[in-house]
Amino acid sequence: MSDRLEFRWAQAGDFDAVLGLASQLAVHIEAAPPPLTRQRFETWYVGDDAPMRLLLALRGTSVLGMIAWTLTHELYSAEARVYISDLAVDRTARGQGIGASMMALVMAWARSRGASKLGWEIWHKNLTAKTFYESLGASMDEETLPYGLALDDA
């Protein structure tokens, strides 16, 4: 197995590895197991027409990390922005720079598409994530307040 870290877009055959990382993330933030199905995974994350981008970090054939995002555009400001929905590194590979490498790749991807900002949310008790993002130079966005509206019938 190669010690070199490589990155590639998610493929249909990556479902089990991605579900495993999503499950680790859910445990970390005290959430229920992810209800991700193979069909939803392929619809939302695989292929050029998928609405979400999903980049994987691998050593050899082992998927050690993932980061998912989407590009948005605001009409009022005419600015493109990237929203990161998930970032997870396998518990056995944390502290090796994998998360920082994935963030750097997303930043480069965003810049290449004219985005002016990256945004994401973290669970309020996830101090590990807070420390990680602050180590990259990120700070809480004081200009916006997060809102949510549950769609119980969805």
Practice problem: Among what's in the stretch 21-41 and is part of a helix (DSSP H, G or I), under 19 Å from MET52 (Cβ atoms) and without any contact (Cβ under 8 Å) to a residue 12 or more places away in the chain, pick the residue that is farthest from the chain's Cα centre (by Cα). | Solution: GLN39
Quiz item: Identify, please: which residue in the stretch 105-126 is within 15 Å of the chain's Cα centre (by Cα), among the small types (Gly, Ala, Ser) and in a helix (DSSP H, G or I) and is, among those, nearest to ASP141 (Cα to Cα)?
Solution: ALA110
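Would a scan of the stretch 76-85 turn up a residue that is assigned to a loop (DSSP other than H, G, I, E, B) and touching a Leu at 6+ places or on another chain (Cβ under 8 Å)?
Initially, the stretch 76-85 is screened for residues assigned to a loop (DSSP other than H, G, I, E, B), giving 76-78.
Right, trim to touching a Leu at 6+ places or on another chain (Cβ under 8 Å) and you get none.
Scanning the stretch 76-85, I find no residue that is assigned to a loop (DSSP other than H, G, I, E, B) and touching a Leu at 6+ places or on another chain (Cβ under 8 Å), so the answer is no.
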Practice problem: Scan (1) under 19 Å from ALA57 (Cβ atoms); (2) free of Cβ contacts under 8 Å to residues at least 60 places away in the same chain for the single condition ASP152 breaks and write down its number. | Solution: (1)
Quiz item: What residue, among those in the stretch 59-94 that are touching a residue at least 24 places away in the same chain (Cβ under 8 Å) and among the small types (Gly, Ala, Ser), is surrounded by the fewest Cβ atoms within 10 Å (Cβ to Cβ)?
Solution: GLY60
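Give the residues of the stretch 91-110 that are closer than 16 Å to THR70 by Cβ and either of a type in the set (Lys, Arg) or out of contact with any helix residue (DSSP H, G or I) (no Cβ under 9 Å at 6 or more places or on another chain) (or both), sorted by residue number.
First pass over the stretch 91-110, keeping only residues closer than 16 Å to THR70 by Cβ: 102-103, 105-107, 109-110.
Of everything in the stretch 91-110, those that are closer than 16 Å to THR70 by Cβ and either of a type in the set (Lys, Arg) or out of contact with any helix residue (DSSP H, G or I) (no Cβ under 9 Å at 6 or more places or on another chain) (or both) turn out to be MET102, LEU105, VAL106, MET107, TRP109, ALA110.
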Self-check item: Test: residue in the stretch 7-18 that is surrounded by 15 or more Cβ atoms within 10 Å (Cβ to Cβ), within 13 Å of the chain's Cα centre (by Cα) and assigned to a helix (DSSP H, G or I)
Solution: yes
Quiz item: Going by the conditions given, is TRP69 outside any helix (DSSP H, G or I) and among the aromatic types (Phe, Trp, Tyr)?
Solution: yes
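No lab work stands behind these numbers, since they all come straight from the coordinates. Just so you know, these numbers come straight off a predicted model, no measurement behind them. Virtual Cβ from ideal backbone geometry, glycine too; neighbours counted across all protein chains shown.
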